[in-house]
Amino acid sequence: MALAFYYASGSPYAWRVWLALEHKRIPYEFKLMSFDAGDLKTPQYRAINPRAKVPAIVDEGFALYESAAILEYLEDRWPGEPRLFSADVRRRAVERRMVREADQYFADSLERLVDAILFTPKEQWSEVRIAEGWAGVEREISAWEAAIKGEFLAGNLSAADFTLYPEIALALRIAGRKAGLVPAAPLGPRLAAWKQRMEALPITKKTWPPHWK
């Protein structure tokens with residue numbers, strides 16, 4: 001019985017899990033959920049994830065939510081190549097640290113920006129809130145520009161890349177709705193090259209958010 005994967009288009013956290021499933025070539029049943037239709041608030045879905053958010057998975061009756069925990073589970077449940085985390089204990093520690101950094105710092109700035117632009121009617125936009133949200137994203141972009149260890153964030157392609165890439169992609173997409181907010185080259189040269197490498201991956205093209213196409 002294939003693992004059931006609950007996803008909604010536009011969620012960077014659900015996109016992370018989709019990338020991981022494709023990377024590890026794990027068979028899954030794709031469950032496309034709709035925010036607008038209220039799919040996440042149904043009793044059936046709340047029985048899987050009482051927080052009414054995506055992503056979530058159900059594997060042989062075992063339900064799990066929270067994207068970082070799901071990636072750890074996938075690696076433990078389907079060990080071996082291709083890996084989400086290095087077999088080397090120190091490299092794996094760095095990858096896990098990067099996952100937590102992205103979720104703790106970049107995601108915090110991202111969610112402020114999303115709230116200021118996407119979840120606020122345009123006629124109520126606050127220039128101050130939007131500028132503060134983007135400034136936080138820019139600080140994180142600078143930090144990650146300095147943090148890259150090679151072609152990918154921690155050297156080899158890993159869960160760290162699958163975590164940060166969707167967050168950066170969403171930040172740039174949302175910020176682009178505010179004319180003049182995003183500079184012509186918002187990313188430094190190393191992060192821009194990394195973004196191009198991520199976008200060239202077949203799994204990125206396959207998992208591109210449906211409503212972004």
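Put simply, of Ile148, Ile203, Ile174, Ile168 the only residue that is of a type in the set (A, V, I, L, M) and in contact with a His (Cβ under 6 Å, 6 or more places away or on another chain) is Ile203. Checked against (1) open to solvent by 30 Å² or more (accessible area, probe 1.4 Å); (2) under 19 Å from the mean Cα position of the chain (by Cα); (3) hydrophobic (A, V, I, L, M, F, W, C), Leu84 meets all criteria but (1). Note on the range 71-182: enclosed helices (runs of 4 or more DSSP H) holding 3 or more residues that are among the basic types (Lys, Arg) and either at pLDDT 95 or above or touching a Lys or Arg at 6+ places or on another chain (Cβ under 8 Å) (or both) are 89-101. Test each condition in (1) under 15 Å from the mean Cα position of the chain (by Cα); (2) closer than 16 Å to Phe162 by Cα; (3) among the hydroxyl-bearing types (Ser, Thr, Tyr) for Tyr73 and report the one that comes out false. Every listed condition holds for Tyr73 apart from (1). Which residues, counting only those in the range 43-61, are touching a helix residue (DSSP H, G or I) at 6+ places or on another chain (Cβ under 9 Å) and not in a loop (DSSP other than H, G, I, E, B)? Those that are touching a helix residue (DSSP H, G or I) at 6+ places or on another chain (Cβ under 9 Å) and not in a loop (DSSP other than H, G, I, E, B): Tyr45, Arg46, Ala56, Ile57, Val58, Asp59. Every condition in (1) over 23 Å from Met98 (Cβ atoms); (2) not in a helix (DSSP H, G or I) holds for Leu40 except the one numbered (2).
Restricting the range 19-37 to residues that are touching a Ser or Thr at 6+ places or on another chain (Cβ under 8 Å) and outside any strand (DSSP E or B), the residue that is most open to solvent (accessible area, probe 1.4 Å) is Glu22.
The values are calculated or read from the model by the stated rules, or taken from the named source; none is laboratory data. Computed from a prediction, not measured in an experiment: that's the story for all the values here. Quick reminder, even Gly has a Cβ in these numbers, built from the backbone with ideal geometry, and neighbours come from all protein chains shown. Quick note on the areas: whole protein, heavy atoms, side chains included, nothing else; ligands and nucleic acids left out. Shrake-Rupley method; radii C 1.70, N 1.55, O 1.52, S 1.80 Å.
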